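Q: Pasting a structure here, questions to come.
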Amino acid sequence: MIKGNFIDNLPKVYGIYTGGFLAFIIIMSIAEQMGMTAKTIGICFVAFTVAIYAIIGYLSRTAQADAYYVAGRQVPTVFNGMATAADWMSGASFVAMAGGIYFKGYGYMALLVGWTGGYVLVASLLAPYLRKFGCYTVPDFIGTRYGGNLTRFLAVVVLTVASFTYVTAQINATGTIASVALDIPFQYAVYVGLVSILLCSMLGGMRGVTWTQVAQYIVLIIAYLLPVFWISNKMGAGFFPHFMLADEVARIGELEQQFGFIKNSAADLANVPKGLAGITKAHSAVNASPWAFISLALAMMMGTASLPHVMMRYFTTPSVKAARKSVGWSLFFIFLLYSSAPMLATLSKLSLIDPSLPTGIIGKSIAEVQAIDWYQNWNQANLMFVSDFNGNGTLELNEFFMGGKAVVLATPEIAGLPYVISGLVAAGGMAAAMSTADGLILAIANAISHDVYYKIIDPKAETAKRLVVARVLLVVIGFAGATIAAMEIQGILGSVIWAFDFAMSGLFFPLVLGVWWKRANREGAIAGMALGLISGAGYLIWVRTGGSGFLGITQLTFGIFGSAVSLVAMVVVSLITSEPSAATQRMVDEVRVPSGKSILGKQH
Amino acid sequence: MSKQAQHWEKSRGLLLITLAIWFVFSIGIFLFGAEMNEVTGPFGYPLTYWFTCQGSLGAFVILIFWFANRQEKIDEEFGFSERGDD
């Protein structure tokens, strides 16, 4: 069926794969009609998709350093775009984003702008130049450009702090989904998730992760878009929701006016289960100050350009030119999901609060709502709650509470879609969380194995030994992440946003100035990374322990402070110390020319 | 001026234009979010709301492809383009 080179056959291979997945969905829906239970369908979806990823991971096994670290630098632009999109869109994007928009409206949508606008910075400031450099990892660039083991080591520290904060959230998400779909306790499900993640990356490194991420993107985008379109059509809101929901958005505004946002007393709220929230913010009105919106968007944009697991995806393209185009494709594939999240939030909210719709529950009697099947299911799952605070027997807007995840997970069921869609959504969430976790664990393990072990500790190590070290680290870091995830310390979204702030505090300016400012030197980079990370982390701790903060910088945007300190420190220290050597300056000139040999050799 | 320096000057010019457009869609319009939301935007959505859902996001996608093409032209002009495929 498939002849010749794998790379040449990619469209065919993934075309067959997509067809096979659609056929699987149809088979499952037939099985549902024939009486297969919801639980079995959920297990089938998760088990089938994870098995496919594991097979791809096995087929991509390699013993070559450049295949392991940068997938042999032969990933075509469009496929690298899909892989990056899967790498990028985490369990949080998939499960929690629509929920955030549902509850917080405009103020939250700064994340949509931030998590897309950052790619403009990636494409114009960094990706093509780092690709030309020919590095395996982000610290590889810092270490070679500025020279010295200390710079390399500090870059590894920043990378590890940021990526590790992020990865625990992702393993947590795979655990949550695996525990629901396979019906096992969360403490074990976390390790089931971890094993699935390692199956993709252990044998093939970046090559294995690349081809599984493409497969995961296909699953997650189908799992996100299909329900949105289906629900929109079923509600009669329009066959193409993105262009047709203006009336629904306006209707939500009217209902908000009619119901009003009534503030609940603290005593009433004490009865609401932890993690659930009511609708307290306007849906489409501007409900945040310009600075609150812009500072959050800016922090996410600069964080995007500093996160190593994203940057390293552009090391895998065949050329500098391809790296630039590939950033565009990445953002296009991300755009498909991100532009759908507000539509899902709109459909979900309207179907619940509009009394003129059959699914609307506001204005019904409390007893009636409590008798609805889906309400009982999601109430049991601890994602929905109603309480008659004012004792009038009728459900008011301020008496209805929901978990953020419920918008994605429960809306298909509320709208009356078959259970097969819920199974599909579980597989999509699993794909989103797994692909991001894989990218992150690989980024950390590669940085430690390549930059700390090979470049600093044992520069004479043979390839085979280096790859063994890399794989051992992969497992160790995975287990460390899973162990922390099993403790359930913080929510999914909070830790994701912190990762962006950590990355931008320590890495944004050392990376950008490394390309764009020839005068930047080793001392400056050391000061920029160390002081940036320390001041950012210090600010976070200060605000978390009751500090008031300043300039409206919150615990979600502390990277703005950290990166400002990093910039000042880097410029001042660079200027008061001697300029970089002639060889380094020539190297920077060389990086700025897209053609010709890369700075670092093919195998290094 | 050497060929390389000229190439870099043009690349830097393109970067500044790209960042200026990026600034408008990521920061500029949200300075006037409340005022602009009174206006009806594409497909009937409130204008600022539309930008946060679709407008700015789409503009970034187009901007990156535009930037990549312009940079390729600059590279070709100075003979720095790479042979081969994408």
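The values are calculated or read from the model by the stated rules, or taken from the named source; none is laboratory data. As the structure is a computational prediction, the values presented were derived from the model and not from experiment. Glycine gets a Cβ as well: all are built from the backbone with ideal geometry, and neighbour counts include every protein chain shown.
Q: List the number of the failed condition for A:S535; all other conditions in (1) at pLDDT below 90; (2) within 24 Å of A:W115 (Cα to Cα) hold.
A: The single condition A:S535 does not satisfy is (1).
Q: Quick check: anything in the stretch A:184-192 among the small types (G, A, S) and part of a helix (DSSP H, G or I)?
A: If we filter the stretch A:184-192 for residues that are among the small types (G, A, S), which is where we start, we get A:189.
Remaining after also requiring part of a helix (DSSP H, G or I): A:189.
Looking through the stretch A:184-192, at least one residue is among the small types (G, A, S) and part of a helix (DSSP H, G or I).
Q: Being surrounded by fewer than 21 Cβ atoms within 10 Å (Cβ to Cβ) and part of a loop (DSSP other than H, G, I, E, B) narrows it down to one residue among A:N377, A:N382; which is it? Let's see the steps before the verdict.
A: Numbers: A:N377 fails: part of a loop (DSSP other than H, G, I, E, B).
Result: A:N382 is the single residue among A:N377, A:N382 that is surrounded by fewer than 21 Cβ atoms within 10 Å (Cβ to Cβ) and part of a loop (DSSP other than H, G, I, E, B).
Q: Among what's in the stretch B:7-18 and is without any contact (Cβ under 8 Å) to a residue 24 or more places away in the chain and facing another protein chain (nearest Cβ under 7 Å), pick the residue that is nearest to the chain's Cα centre (by Cα).
A: For the stretch B:7-18, the residue satisfying everything is B:L15.
Q: Report, by residue number, each residue of the stretch A:327-345 that is within 8 Å of chain B (Cβ to nearest Cβ) and farther than 21 Å from A:I279 by Cα. Show your work before the answer.
A: First pass over the stretch A:327-345, keeping only residues within 8 Å of chain B (Cβ to nearest Cβ): A:327-328, A:331-332, A:335, A:338-339, A:342-343.
Passing the criteria: A:V327, A:G328, A:L331, A:F332, A:F335, A:Y338, A:S339.
Q: Working carefully through the options B:I64, B:I74, find the one that is in a helix (DSSP H, G or I) and more than 7 Å from chain A (Cβ to nearest Cβ). Quick ask: steps written out before the conclusion?
A: Numbers: B:I64 fails: more than 7 Å from chain A (Cβ to nearest Cβ).
Answer to the check: B:I74.
Q: Hey, A:R522 hits all of (1) of a type in the set (K, R); (2) outside the structural domain of A:C135 (by TED's automatic domain parsing); (3) surrounded by 15 or more Cβ atoms within 10 Å (Cβ to Cβ) but one; which does it fall short on?
A: The one condition A:R522 does not meet is (2).
Q: When the residues of the stretch A:413-464 are filtered to those that are more than 18 Å from A:M311 (Cα to Cα) and among the β-branched types (V, I, T), which remaining residue is surrounded by the most Cβ atoms within 10 Å (Cβ to Cβ)?
A: A:V425
Q: If you don't mind, another one. Of all residues in the stretch A:222-245, count the ones that are buried (at least 24 other Cβ atoms within 10 Å of the Cβ) and within 23 Å of A:L10 (Cα to Cα).
A: Final tally of qualifying residues: 1.
Q: For A:S348, are the conditions met, namely being over 18 Å from the mean Cα position of the chain (by Cα), surrounded by fewer than 24 Cβ atoms within 10 Å (Cβ to Cβ), at pLDDT below 90 and more than 8 Å from every other protein chain (Cβ to nearest Cβ)?
A: Working: over 18 Å from the mean Cα position of the chain (by Cα): yes; surrounded by fewer than 24 Cβ atoms within 10 Å (Cβ to Cβ): no; at pLDDT below 90: yes; more than 8 Å from every other protein chain (Cβ to nearest Cβ): yes.
Considered against the rule, which asks whether it is over 18 Å from the mean Cα position of the chain (by Cα), surrounded by fewer than 24 Cβ atoms within 10 Å (Cβ to Cβ), at pLDDT below 90 and more than 8 Å from every other protein chain (Cβ to nearest Cβ), A:S348 comes out as no.
Q: Quick one: A:A67 ticks every box in (1) under 22 Å from A:C200 (Cα atoms); (2) aliphatic (A, V, I, L, M); (3) out of contact with any Phe, Trp or Tyr (no Cβ under 9 Å at 6 or more places or on another chain); (4) surrounded by 24 or more Cβ atoms within 10 Å (Cβ to Cβ) bar one, so which box is it?
A: (4)
Q: Something else now. Have a look at A:G547, A:G552 and point out the one that is free of Cβ contacts under 8 Å to residues at least 12 places away in the same chain, farther than 30 Å from B:Q6 by Cβ and either surrounded by fewer than 17 Cβ atoms within 10 Å (Cβ to Cβ) or within 14 Å of chain B (Cβ to nearest Cβ) (or both). Outline the logic, then answer.
A: Values: A:G552 fails: free of Cβ contacts under 8 Å to residues at least 12 places away in the same chain.
Testing whether each residue is free of Cβ contacts under 8 Å to residues at least 12 places away in the same chain, farther than 30 Å from B:Q6 by Cβ and either surrounded by fewer than 17 Cβ atoms within 10 Å (Cβ to Cβ) or within 14 Å of chain B (Cβ to nearest Cβ) (or both) leaves just A:G547.
Q: I'd like to check which helices (runs of 4 or more DSSP H) are fully inside the stretch A:104-153 and have at least 1 residues that are touching a Leu at 6+ places or on another chain (Cβ under 7 Å) and not assigned by TED's automatic domain parsing to the domain that holds A:A285.
A: On the way: elements: A:110-121, A:127-133, A:138-146.
Hits in the stretch A:104-153: none.
Q: Another question, if that's okay. Could you run through the stretch A:396-408 and say how many residues are modelled with pLDDT under 85 and among the hydrophobic types (A, V, I, L, M, F, W, C)?
A: The total comes to 2.
Q: Right, next: Every residue in the stretch B:26-53 that is assigned to a helix (DSSP H, G or I), more than 12 Å from A:A110 (Cα to Cα) and at the interface with chain A (Cβ under 7 Å from one of its Cβ atoms), please.
A: Hits for the stretch B:26-53 are B:L31, B:A34, B:F43, B:G44.
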